[in-house]
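Student: Provided herewith is a single structure, encoded as structure tokens, for subsequent inquiry.
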Amino acid sequence: MDNNMPQAEPIKVKLQPNIDKIRKDLGNSDDIVIREIAFGVARAAIIYTDGLADKKMITDFILETPDQTTERDNLLEALKELAQKLGDYKEITNFQEIYSSILSGGTVLLLDGCSRGVSASTQGWKDRSISEPISQVVVRGPQEGFTETLRTNTSMIRRKIKNPNLWVETRQIGKVTKTDVAIMYINGIVNGKVVKEVRKRLDKINIDGILESGYIEELIQDETYSPFPTVNNSERPDSVAAALLEGRVAILVDGTPFVLIVPTLFISFFQTAEDYYQRADISTLLRMIRFISLFIAMVGPALYIGITTFHQELLPTQLLISLAAQREGVPFPAFIEALLMEITFEILREAGIRMPRPIGQAVSIVGTLVIGQAAVEAGIVSASMVIVVAITAISSFVITGYSMAISVRMLRFVIMGLAAAFGVFGIVVALIALVMHLCSLRSFGVPYMSPFAPFIPDDHKDTIFRLPHWAMTSRPRLISQRNIIREQMSRPAKPQK
């Protein structure tokens with residue numbers, strides 16, 4: 001269908017010209033079904049898309065059409081009454097509304113001698129059943145994840161938050177795809193300025209198609225050239241519900257199970273839903289492990305390169321002798337050695353993801369073991385370098401946010417280069433530059449490093465340490481700014497003896 005076509009052209013009074021125009025505009029597509037029936041004393045047409053609409057609902061509707069006794073003046077009202085049995089309906093007056101309805105799974109009903117029609121909601125396509133999330137697995141907690149159907153996803157969130165203040169706004173984005181995009185927020189908790197900014201950025205999008213929420217993320221993010229993500233995503237309804245309760249906004253895109261969450265903070269990528277289902281002490285320990293893993297994944301190889309190349313005096317004598325013996329037959333400097341191993345591991349990781357699942361796991365495990373052992377025996381790399389690269393790779397898997405883990409993997413190579421050129425001094429400069437860059441970022445007006453910079457003591461109840469639920473009485477101040485008090489309860493008292 002031509003985008004320049006005057007789709008807002010009003011519906012004609014005669015039925016046959018309307019049918020001819022619909023067939024022409026839609027290219028006589030085989031999946032566009034147009035059935036003409038006798039509706040009272042007039043002719044009518046039922047138009048829908050095969051595969052998107054529920055055929056049983058439409059067949060039952062045809063069987064209930066009125067007989068010849070219905071007067072022509074009452075046909076449109078009778079049509080509306082019948083459409084009520086199909087579900088939600090609305091009156092339409094132009095061809096743009098016709099195309100929007102039938103291409104979204106609805107059914108359009110047109111009458112001969114009437115310049116108006118009725119669009120009924122008859123969506124009936126096949127969708128994937130609710131299953132366990134793939135990318136955000138938990139040991140304890142709900143085992144359900146979003147699907148590719150927008151209304152299924154919104155209903156899963158409403159199951160978690162049964163509150164009339166949970167509002168949903170839906171718009172279509174994409175000149176060709178007309179993809180349904182919904183924003184959800186809790187009125188009275190969310191910051192109105194954030195909602196307004198989300199609407200503004202979504203309305204500015206002018207693109208042919210939206211096929212996944214990644215399109216939206218890239219078009220609304222605050223920083224284009226920053227390695228750090230300023231928009232978070234989740235495929236878990238409980239995680240999205242928790243974000244809404246903190247005053248954030250969720251953006252749902254039809255056709256993808258990944259829901260965007262804004263505004264987001266740096267600390268958000270190291271928190272999981274399970275942190276709030278385990279005891280506070282266990283959750284705190286796990287979070288500390290994640291931050292240690294972040295440090296290892298980012299600067300582990302760089303520290304090895306810097307110390308072994310420039311600062312050997314920092315190592316114990318026995319360890320230094322052992323490392324020197326291992327590197328005796330290695331023809332490359334430590335930087336090239338680490339670079340070769342890191343690139344090899346990234347290739348194996350990507351191959352394991354893209355290949356069929358049973359084969360991919362075997363390639364990742366066997367390939368890593370075989371290549372690592374063969375490289376050491378061939379004298380290309382040292383055994384200590386294999387250990388460092390392996391620990392670094394495992395640490396990168398601990399980071400809960402996949403987009404943040406990719407950012408760390410990219411920065412690792414930059415820091416390795418600085419360590420090869422300037423030693424530990426280069427690593428320190430790189431870390432200072434990263435901290436300064438992180439402090440300059442914002443996500444929909446909220447400082448990215450909040451509550452560390454700016455430092456907000458009351459918001460540190462749920463950062464590196466997670467206090468018990470009864471102690472987290474307030475929402476993050478820079479996110480909500482309204483209805484800050486989350487709960488009012490004291491520490492559970494011990495029973496009296």
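Student: Quick one: if you stick a label point 7 Å off each Cα along the C-beta vector at V435 and Q143, how many nm between them?
Tutor: Placing both labels 7 Å beyond Cα along the Cβ direction yields 4.4 nm.
Student: Here's a follow-up. At a temperature of 25 °C and a viscosity of 0.890 mPa s, determine how fast the chain diffuses translationally according to Stokes-Einstein, using the Kirkwood radius over alpha-carbon pairs as Rh; express D in µm²/s, rounded to the nearest whole number. Show your work: numbers first, answer last.
Tutor: On the way: Rh = 27.0 Å.
Estimated via Stokes-Einstein, D reaches 91 µm²/s.
Student: Follow-up. Can you give the net charge of the other residues whose Cβ lies under 13 Å from the Cβ of A420, counting K and R as +1 and D and E as -1?
Tutor: Values: positive: R412; negative: E337, E342.
Neighbourhood net charge equals -1.
Student: Among all the aspartates and glutamates, which ones have a C-alpha under 20 Å from K24's C-alpha, if same-chain residues fewer than 8 places away are not counted?
Tutor: Result set, ordered by chain and number: D2, E9, E36, D50, E97, D112.
Student: If you don't mind, there's one more thing I want to ask. Please name whichever of I216, P227, F335 sits farthest to the positive end of the charge dipole of region 202-335, dipole taken about the Cα centre and charges placed at Cβ: Lys and Arg +1, Asp and Glu -1.
Tutor: In region 202-335, that residue is F335.
Student: Then there's this: Measure out, as a whole number of angstrom, how far apart the alpha-carbon centroids of region 330-345 and region 229-288 sit.
Tutor: Using only Cα atoms to place each centre, the spacing works out to 36 Å.
Student: Which of the pairs K55/K162; K21/K55; K55/K80; K55/K126; K14/K175 have their Cα atoms more than 22 Å apart in this structure?
Tutor: K55/K162; K21/K55; K14/K175
Student: Can you check what the net charge comes to around L441, using other residues whose Cβ is under 14 Å from the Cβ of L441 (Lys, Arg +1; Asp, Glu -1)?
Tutor: Combined, the nearby Lys, Arg, Asp and Glu give -1.
Student: So, one more: Where nothing but the Cβ of Lys and Arg (+1) and of Asp and Glu (-1) is charged, how large is the charge dipole of the chain around its Cα centre, in debye to the nearest 20?
Tutor: Details: 52 positive and 52 negative charges, 304 e Å.
Once rounded to the nearest 20, the dipole reads 1460 debye.
Student: Then there is this: Calculate the dipole size of region 157-248 relative to its Cα centre from +1 charges on Lys and Arg beta carbons and -1 charges on Asp and Glu beta carbons; express the result in debye to the nearest 20.
Tutor: The dipole of region 157-248 has a size of about 500 debye.
Student: Classify region 301-440: rounded, prolate or oblate, from the alpha-carbon gyration tensor (a ≥ b ≥ c, eigenvalue square roots; a/c under 1.5 rounded; otherwise prolate if a/b is larger than b/c)?
Tutor: In terms of gyration-tensor shape, oblate.
Student: Just to verify a number: FRET efficiency for K126 and D88, C-beta to C-beta distance, R0 = 25 Å, to 0.05?
Tutor: About 0.75, to the nearest 0.05.
Student: From the Cα gyration tensor of region 377-433, with a ≥ b ≥ c the square roots of its eigenvalues, which class applies: rounded if a/c is under 1.5, or else prolate if a/b is larger than b/c, or else oblate?
Tutor: Oblate, because a/c is 1.5 or more while a/b does not exceed b/c.
Student: What share of Cα pairs, in percent, lie more than 21 angstrom apart in region 195-276?
Tutor: 27 percent
Student: If I take R0 = 30 Å and measure r between the Cβ atoms of D203 and V414 in this structure, what FRET efficiency does the formula 1/(1 + (r/R0)^6) give, to the nearest 0.05? Walk me through the numbers before you get to the answer.
Tutor: Details: r = 36 Å, r/R0 = 1.21.
Efficiency computed from Cβ-Cβ geometry: 0.25.
Student: Multiplying the sequence separation of E346 and I485 by 0.36 nm and subtracting their Cα-Cα distance, what value in nm do you get? Before the final figure, lay out each step's value.
Tutor: On the way: separation 139, 0.36 × 139 = 50.04 nm, distance 4.54 nm.
In short, 45.5 nm is gained.
Student: Put a dot 7 Å past each Cα toward the Cβ at K175 and K12; how far apart are the dots in nm?
Tutor: For K12 paired with K175, the spin-label model returns 2.8 nm.
Student: Given Cα pairs under 8 Å that are at least 6 residues apart, what percent is the relative contact order of region 415-459?
Tutor: Relative contact order of region 415-459: 19 percent.
Student: Using a 7 Å offset from the Cα along the Cα-to-Cβ direction at both A493 and R279, what is the distance between the two label points in nm, to one decimal?
Tutor: Result: 2.3 nm between the two label points.
Student: Just reorder C439, C114 by solvent-accessible area, largest first, 1.4 Å probe, all chains present.
Tutor: The most accessible residue leads, giving C439, C114.
The values are calculated or read from the model by the stated rules, or taken from the named source; none is laboratory data. Remember, predicted model here, so these are calculated numbers, not experimental data. Every residue, glycine as well, gets a Cβ built from its backbone with ideal geometry; the counts of neighbours run over all protein chains shown. Ligands, DNA and RNA are stripped out before the accessible areas are found, and what is left, the full protein with its side chains, is counted by its heavy atoms. Shrake-Rupley method; radii C 1.70, N 1.55, O 1.52, S 1.80 Å.
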